[in-house]
1. Which whole-Hz ³J(HN,Hα) couplings does segment 618-630 yield from phi under the Karplus relation 6.51 cos²θ - 1.76 cosθ + 1.60, θ = phi - 60°, glycine and proline marked x?
2. Do any of 67/122; 183/232; 471/877; 264/300; 267/435; 1007/1071 go past 29 Å between their Cα atoms, and which?
3. Hey, if we sort 521, 142 by accessible area with the 1.4 Å probe, largest down, what's the order?
4. Express in Å², to the nearest 10, the accessible area of residue 834 obtained by rolling a 1.4 Å probe over the protein heavy atoms while all chains stay in place.
5. How would 89, 831, 1121 rank on accessible area, largest to smallest, probe 1.4 Å?
6. Quick check: net charge around residue 94, other residues with Cβ under 13 Å of its Cβ, Lys/Arg +1 and Asp/Glu -1?
7. What net charge do the residues around residue 574 carry, taking every other residue with its C-beta under 15 Å from that of residue 574, with Lys and Arg at +1 and Asp and Glu at -1?
8. Skipping prolines and chain starts, which residues have an amide H placed within reach, meaning under 5 Å, of the one on residue 384, given they are 5 or more residues away or on another chain?
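The values are calculated or read from the model by the stated rules, or taken from the named source; none is laboratory data. Since the model is a prediction, treat every value here as computed from it, not as a measurement. Heads up, the Cβs are rebuilt from the backbone with ideal geometry, glycines too, and the neighbour counts pull from every protein chain shown. Surface areas here come from the heavy atoms of the whole protein model, side chains and all, with no ligands, DNA or RNA. Shrake-Rupley method; radii C 1.70, N 1.55, O 1.52, S 1.80 Å.
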Amino acid sequence: MAEPASMEVTEPLAPGEAQKSGVRPADRHGLLKHSREFLDFFWDIAKPQQETRLEATEKLLEYLRAKPKGSSEMKYALKRLITGLGGGREAARPCYSLALAQLLQSFEDIPLGSILQQIQEKHDLQKVKKGMMRPALFGNLFGVLALFQSGRLVKDSEALMKSVKLLQALGQHYNHLQEQPQKALVDILSQVPEAALQEILPKVLKPDLNSVLGSPEHLELFLLAQQKVPEKLEKLMGPVNLFSDENIPRLVTVLKTVANSVKKERKLPTVALDLLRLALQEDKFPWFWKEVVEQGLLKKQFWPASYLCFRLLGAALPLLSKEQLQLVMQGDLIRHYGEHMVTAKLPKQFKFAPEMNEYVGAFLEGCRGDPERQLALVVAFTSITNQGLPVVPTFWRVVQFLSPTALKGYVAWLRDMFLQPDLDSLVDFSTNNQKKTQDTSFHGPERAVFRLRKWIILRLVSIVDNLHVEKEEALIEEVARFCFFHSFFETKKPTSHIPESEQHFTLPLDGRTREVVCGAFFSLLQTLSTQFRLAPEQTADGRPWTYHLVQFADVLLNHSRNVAPLTAFTTQQRQAWDRMLKTLKELDTLSSEAKATAFQHLLLLVGIHLFKSPAESCDLLGDIQTCIKKSLGEKTRRTRSKATNPQELPWVEVLVEILLSLLAQPSHLMRQVARSVFGHICAHLTLRALQLILDVLNPEESQDEDDNVVVTDDSEEQLLGGAEDKSSDGEDSKGSKVSESEEESDDDDSDEEDRDGDVDQGFREQLMAVLQAGKALGGADSEDDNDDEELGDEAMMALDKSLASLFAEQKLRIQARKDEKNKLQKEKALRRDFQIRVLDLIEVLVTKQPENPLVLELLEPLLLVIRRSMRSNSSAKQEQDLLHKTARIFTHHLCRSRHYCRTAGDRVETLYARLERLVQQAGQQADSSVALYHFNASLYLLRVLRGSTVDKPARKAQKKEKASKDASSQPQGPEMLCKSLLPIVVEHVTSHTRPRHQVQACLLLQKTLPTRELRVCFKDPEWKQLMGQTLGKVTEILRTLGEAETKSGHQKDLAALELLNTLFRNFHHEKLTMDLTAVLGVLQSQQLRLQQRLQQGEHSAGSSRLHDLYWQAMKFLGVQRPKSEKDTKEAPQATQQSPVSMKRKKKGFLPETKKRKKHKPEATTQEAAAAKPEATSGDQPPSAGKKKKKKKKMKKTKSPALSQMNGTPAAKSPTPEPPAVSPSTPTKTPKPQKKTQKLAQVNEATPLPHQSPEEPVAKKRQKKLPQKGVSGKSPQSALPRKKARLSLAIRSPSLLQSGAKKVQLRKAKKL
């Protein structure tokens, strides 16, 4: 339908608002023509969620594409979007603008001129009221932006010119729009062709330089014209020298303004980058950089301007040559950047370093073909130092983009700077705080050289450590040899055979620097040994890096005339070195064996440590070589001779002691090597060797054996961890002094508290003696005024000296106690670290040898560590790490392992005693988590005992003996343990414990009683007695069935019924004769309560399950569950309805012709309601006819059983009554009845009782159920259903009635 042209579209009411207003307004806008779905698109477009907006816009476009061209929906959509451009919600305007742009982009047949005209008409600035001026201005602005974003504006010259004029008009309203129209104009003109720009340029750019330099937008427009149409610009403005001296202040002002405008966006403005390009184009870059950037913006002391300069530097890197790079990297800007990196360390401070790293990384990655520029830039950033320390980190990751040539040059520059530090070539600076607190004696050139060399050596190691850096093998070897040589050797006479000897120092290496180099070397050695997994620790010739370093060390030792070790070797140490080389050659012949490779690696590392600690390593080398020879030649010697020296320790124990001593060193590399070697020798481990490891974990033993293993401090990690000198960081922070003073005051307070707490009685007595000696205290018995006279000056001076000496001694004693306490804490921390490292050996053992019987010896020591750590309540990191690692090894690698020891051998009795001990300890634990660990250990031992004592052949033999003979010998294993534990579990079923404990006891019995292995352990009388005890306990707990109010109590009822059903199944399977009268009575007494709780809906989640379990147990006792309990609920309601209501409710029901006619008539009178009908437990009553005679015969036999079932005395009949079961005589558990056994109904005709005259005729014609033998004690109305069923929900079933019913069933079948 066509829409009237005069229709104006405004935003309709929100969905649901029309209904709230009461009266529906007239449809003045034609909204009723459109669907609700179409109108909802516009509400979703204005929502703040981006996904919702985009989805709504896409759906709108799909909806409009399905409509014909020029449809009313398209017109409405355009008018609705144009109206939304100036809506009252500011957040909705850009949404409508974007939707309009996508609409115009999708439908190119819509002319832009008409859309622009509609925008101007809708948001007419001449007609709009003053209060609506701001929305109208934004409507025009967002309308032009929508035309531009559609991508069609630059192709339509007419619409382009109109849009430019509109933006110029909008630019006059600066109070509302500020610089947004001018920015939009620049963005539009940057996309137009050159021909269109030449035509538009005179209209938008004034030929006045003052106007150009008046705002960033005009300057950006000038730079755009200079870049795209320079001839037209020159004709318009003439020759313009933008970088003249008089224009510098205005350029700086414009750049400062634009820097402030992008402060939140944190991006580089386009005008700044265009100025840089113009300066490069006119060969005025040095002048521009010095005058505009360094002398202009940096002097403003304005951080947004500084960040603008940093971004300009990063963006200019790809545009500069090598000489220009050196220029910008030596000026004030780069020094200012270094100060920012040093001072910006607080968490909330803005840090420009990540952004600069992106600029540098992009530059290095883009010029990989120009290694000179790469090297120049990396060297320039490394040269930015703060009192000798470079500001870039040692792990600066941008070096991964360096080409191999540039990387090699960078390493050479670092090496030369280490040997011959040139502080003058660095861009060094000091912060303001450093200048204020600078001490010439402390901040000298020696300190700067030390800081620089420390950073350089760590930088070299980091380059090798970085996996992403492309480096050659020669470069790695060069760095490793450099670090090793300057760690342990010095040059006496240079030689060409050793290139490192030809390296000269301008400043000699001091002891601190050599320690740093030594620590860096071992960190490098760890990297070379453990990091390269693709070709692990291998060089081109297939040998490890440590082998090459040992060969290099041997060359250095042989050239004693040219080089000398810092610590000269003794004769014994040199012999140990030579023997090590000889053993290495012997191991080369066995390199195919993994054990030989591990031993070779261990020898190489200990040999290198010979230069660091000669005395200790010399002894270790001898012991290691002895162990290696014995381990590799063990099989040969055993075959030749079995005679051994009883006093000589086995080689495994010696090697374990060596590995423990290596783990005591603070070296991660030694830790990895010890793990590797132990993994190869753990198969030969002995009990005594394992005890050496366990003694470390045992706190009592480890404290006694502190003299055997000395734990050293982690000096290497401290040395390597402090890559930057943190002393300067404290100087840079303004709040450092305040924090230090607060810490000092806190220390003083703590000292005073310690001093007060450490005052003992001896000190008090000494103080009293000094005061009495000085006559400061008067006599106790004197009362004269002469006693109050003051002391003289000499006496006071003597007393002061005595008191000062006394308090000085006390202060020394307190300080000694504090030092001793700190020493003990440090030793404890070191001991915990050592125990954590020793746990590596335990982890290797349980991982690689889980079936070793020695693993069983780990249970109690690991539990002891867990128990001690959890009781300590210490928050120390070492204590927590020890606990977590021990628990992880114990739980995951030991108890939950798929493989375990299956050959206990002669340790079975020991394992039984240990199992008993663990169970007792688990019961004594106050913490449940600790008890759980003991329980897991017990289960692990049960697995071991079962796997080692009961295998398949033994089980078969056991079964044969059981079948042929009387079980004279009881089976051994976990079954016997379970037999011993069963009485305890049975007692816990009704013990006065928590309900969850009773639930666990019931579940354990439910799982264990049906097992055949357990049944074999019991004789028949014992088993029957156990079943009787369990049945009694369950009967006792069932007395409170249905009374639970909590979740745990409800779970207890469920577990008890499940256990009862398990017992019944066991009775039936083994044909046991048990007295079930007590159980039946208890269950019958709880039936009514359960039914009430089910009807009330209590515990609806588990009531049905509880009800099912109850009737399952009753079924075992011979009582069937009623088929439908719903009928019993609806029956009383059916009888209480009046005939009138029944007539009314008959509307809508099935007609009489559609109903089934073979249904049993219902009783509707009060006499019939007073009696209970007889029915079967689910059979449909048979119809009259052929079965009529059969029903009459069945009637006589059925009525006594039914009367007993209903709980009433049976009528006299010729059928003999079944014998009653007395509670004293045990009865055999009845078998559950099958589903096919059903009772037949009695269909005897009886006279109809008197009916009400108001009942319908159809009701009068219905037959009534027979009422013979039905008691009137519990009245019940007739069932209204077509299948009359007997409900047992409100009756009390009994075992006697069920038995009688069975007898009557059998007789009825015979008849």
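1. 5, 5, 5, 4, x, 5, 5, 5, 4, 5, 5, 5, 6
2. Working: 67/122 25 Å; 183/232 22 Å; 471/877 38 Å; 264/300 19 Å; 267/435 33 Å; 1007/1071 20 Å.
Beyond 29 Å between Cα atoms: 471/877; 267/435.
3. Details: 521 0, 142 35 Å².
Ranking 521, 142 by accessible area, largest first, yields 142, 521.
4. Surface open to solvent at residue 834 totals about 10 Å².
5. On the way: 89 120, 831 40, 1121 85 Å².
Putting 89, 831, 1121 in descending order of accessible area: 89, 1121, 831.
6. Values: positive: 47, 53, 89, 93; negative: 90.
So the surrounding residues net to +3.
7. Working: positive: 579, 582; negative: 554, 578, 619.
After counting each charged neighbour, the total is -1.
8. 391, 427
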